[in-house]
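Please read the structure below before turning to the comments.
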Amino acid sequence: MLLVTVWRMAPTGGSTLHLTACWQGRRSGWSYPWLMPAATATTAPAARAAKVEESRTSRVRRARRISRKLAETYPAARCELDFSSPFQLLIATVLSAQTTDKRVNKVTPALFSRYPGAAELAAAQREDVEQIIAPTGFFRVKTDSIMRLSATLVERFDGVVPDHLEDLVTLPGVGRKTANVVLGNAFGVPGITVDTHFGRLVRRFGWTSETDPVKVEHEVGALFPKAEWTQLSHQLIWHGRRRCHARNPACGACPLARLCPAFGEGPTNPIDAAKLVRTEGRA
Ligand code: SF4
């Protein structure tokens, strides 16, 4: 790896700035970590956040460039929960809390063949439901949640999952994240799903510094056309599950290396980084 550093004075007359170009071999090419105060040219994430103010136009352009790269990298990005109706997706999303989509997909065929709709699940024997969903963890709480949710659907919506955010979030245990998953994937209504991966990545990309999910949703939503929101959510979640992990992101094996202000938060050596790449998500 070859590092080339150019020094110059900050426009504000304060600290000295530098631009580092990093050659990572023929496979990865050059990457350009952002202009940073010299004192912060370390791998510390907090220090890295102190980068030069970016105009809105440049942030939109950069965000869309990253999104195009993600689309190229993950052309098959989609919701990783199996479902064949809005009701199934709603229940599967509730079950996916604190576990993997893969584990949920293992239990839902049995659950939905026994209880195909809200009326059936609301009237189920709870011990039976507990037994079926046990592999997803927290099965007593989750049984309560999905049975109460089903009963409310029957009482207030004739057993039909509503297709409006305002109605969905009134259901017990359904927040904006779950509602947007259902809207985007079962009803084709564009929605941004701010889960743990999405929030971490958009902050690493410098698209927002907000941590409140609703503010993140609005700030990131403003950078993209509405029609792209659902797919953007899938791309970011896929990238978070496969490369841009919370700890040790695979920076040296990341197609976004040239575009990402957080490049260097994980190993930049391509061989070490490649070991961190998952071919499928922790789904
Ligand atoms: S893996 Fe590294 S370079 Fe890639 S998006 Fe995450 S922090 Fe940025």
ask   = If you take the residues in the stretch 151-185 that are free of Cβ contacts under 8 Å to residues at least 40 places away in the same chain, of a type in the set (Gly, Ala, Ser) and in a helix (DSSP H, G or I), which one is farthest from Ala124 (Cα to Cα)?
value = Ala179
ask   = Given Gly252, Gly199, Gly240, which one is outside the structural domain of Ser150 (by TED's automatic domain parsing), over 20 Å from Arg56 (Cβ atoms), away from the ligand (no atom under 13 Å from the Cβ) and touching an Asp or Glu at 6+ places or on another chain (Cβ under 9 Å)?
value = Gly199
ask   = Only one residue in Pro267, Pro190, Pro255 is under 16 Å from the mean Cα position of the chain (by Cα) and part of a loop (DSSP other than H, G, I, E, B). Which one?
value = Pro190
inquiry  = If I filter the stretch 215-231 for residues that are within 21 Å of Glu80 (Cβ to Cβ), touching a Leu at 6+ places or on another chain (Cβ under 7 Å) and either of a type outside the set (Phe, Trp, Tyr) or not assigned by TED's automatic domain parsing to the domain that holds Asp101 (or both), do I get at least one hit?
reply    = no
note = Here the residues within the stretch 209-239 that are of a type in the set (Ser, Thr, Tyr) and either part of a helix (DSSP H, G or I) or surrounded by 20 or more Cβ atoms within 10 Å (Cβ to Cβ) (or both) are Thr230, Ser233
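The values are calculated or read from the model by the stated rules, or taken from the named source; none is laboratory data. Quick caveat, the model's predicted, so the values are computed rather than measured. So basically every Cβ, Gly included, is an ideal-geometry build from the backbone, and we count neighbours across all protein chains shown.
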